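The values are calculated or read from the model by the stated rules, or taken from the named source; none is laboratory data. These figures come from a predicted structure and were not determined experimentally. Every residue, glycine as well, gets a Cβ built from its backbone with ideal geometry; the counts of neighbours run over all protein chains shown.
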Amino acid sequence: MHSGLIIVDKPQGWTSHDVVGRMRRLAGTRKVGHAGTLDPMATGVLVLGINRATRLLTYIVGTSKTYDATIRLGQSTLTDDAEGEVIGGSIAAAVEPADIRAGVAALTGEIEQVPSSVSAIKVRGQRAYTRVRSGEDIQLAARPVTISRFDIHDIRRVNSGKHQDIDVTVECSSGTYIRALARDLGADLGVGGHLTALRRTRVGPYGLDQAATLEELAQDLRLLKLDDAARALFPARELSSGEATDISHGRRIEPGPGTKPVAAFAPDGTLVALLENRPDDARALLVFAPGGGN
């Protein structure tokens, strides 16, 4: 089995772990990982790494994400989404579209966000959602996130006008909770809010146009080869054959431009390593070339 990425269009009701388990069977290897979870309620882009490409996942986790979502105003839930018990809220009929737009604007840009209490963040060694579901009251610390895009597509009244549903697109930094945006928008408007639908449309450079369903992948694995995956994710540096040999054997080479990690390729287009440029040299962060620690 070759190494590479598989871009899955995750079905609703599946955990990310469920998808990894399914892919291990389809790919015939235990070496499968994912680049950031999706809630069971959510659908869309889930990036999986196969074999040596699992080493790229750390870098993919930190990329920006894009989501299509529906926020319901007028109800708060324990989980900040439609799967949780309703715990509050008030009739949202009086909330004007201008108020909603102002609330969205206030949640755009660099903000401090308190993660959902049922997130996977660990609290004293245990997942927050485990503590909440056992009856514990969890208060998580706010953390900085960036909401670079928060677009409203539609606002409509539902449930005889008691609630309002808002269709949005959110582009955000890693670590952002879309459920928390729904919660905070509802709280800021004084009526409560939660998420009723969530679809991730992009993770870094990988979008739904590259994704396949599990049914499609069972017929055709559609592996994004390691070399192509790295070219999409990082700036590329083309090495000479001598430089490729040096890097493969742990030696350092002359630095290139920029300070971010770069994907370094041999003359035949094979990924050799991820490089870190420093003032005096470039050193390998990860080596992929045969004989170089793969």
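If you filter region 128-154 down to residues that are assigned to a loop (DSSP other than H, G, I, E, B) and surrounded by 12 or more Cβ atoms within 10 Å (Cβ to Cβ), you find that the one that is modelled with the lowest pLDDT is GLU136. Scanning region 22-52 for residues that are out of contact with any Phe, Trp or Tyr (no Cβ under 9 Å at 6 or more places or on another chain), among the small types (Gly, Ala, Ser) and either on the phi < 0 side of the Ramachandran plot or in the same structural domain as TYR177 (by TED's automatic domain parsing) (or both) returns ALA27, GLY33, GLY49.
All of (1) part of a loop (DSSP other than H, G, I, E, B); (2) over 19 Å from the mean Cα position of the chain (by Cα) hold for GLY175 with one exception: (2).
Among the residues of region 194-210, those that are hydrophobic (A, V, I, L, M, F, W, C) and either surrounded by fewer than 20 Cβ atoms within 10 Å (Cβ to Cβ) or at pLDDT below 95 (or both) comprise ALA197, LEU208.
Screening the candidates SER248, SER173, SER240 for the property of being free of Cβ contacts under 8 Å to residues at least 40 places away in the same chain and among the hydroxyl-bearing types (Ser, Thr, Tyr) yields one hit, SER240. Would you mind telling me which numbered condition in (1) closer than 23 Å to ILE6 by Cβ; (2) surrounded by 13 or more Cβ atoms within 10 Å (Cβ to Cβ) ALA282 fails? ALA282 satisfies every listed condition except (1). Of the residues making up region 211-239, those that are surrounded by fewer than 20 Cβ atoms within 10 Å (Cβ to Cβ), modelled with pLDDT of 95 or more and either under 23 Å from PRO40 (Cα atoms) or among the hydroxyl-bearing types (Ser, Thr, Tyr) (or both) number 6.
For (1) in a strand (DSSP E or B); (2) surrounded by fewer than 16 Cβ atoms within 10 Å (Cβ to Cβ); (3) not basic (Lys, Arg), each residue gets a yes or a no:
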{"position": "MET23", "(1), (2), (3)": "no, no, yes"}
{"position": "GLY33", "(1), (2), (3)": "yes, no, yes"}
{"position": "PRO40", "(1), (2), (3)": "no, no, yes"}
{"position": "ARG55", "(1), (2), (3)": "no, no, no"}
{"position": "GLY84", "(1), (2), (3)": "no, no, yes"}
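Could you pull out the residue among LEU217, LEU221 that is assigned by TED's automatic domain parsing to the domain that holds GLY21, touching a residue at least 24 places away in the same chain (Cβ under 8 Å) and assigned to a loop (DSSP other than H, G, I, E, B)? Of LEU217, LEU221, the one residue that is assigned by TED's automatic domain parsing to the domain that holds GLY21, touching a residue at least 24 places away in the same chain (Cβ under 8 Å) and assigned to a loop (DSSP other than H, G, I, E, B) is LEU221. Here ALA182 fits the description: in a helix (DSSP H, G or I), in contact (Cβ under 8 Å) with a residue 12 or more places away in the chain and within 20 Å of the chain's Cα centre (by Cα). A Cβ distance below 9 Å, combined with a sequence gap of six or more or placement on separate chains, defines the contacts here; from region 4-17, residues that are under 12 Å from LEU48 (Cβ atoms) reach residues that are of a type in the set (Asp, Glu) and part of a loop (DSSP other than H, G, I, E, B) in the pairs SER16/ASP39.
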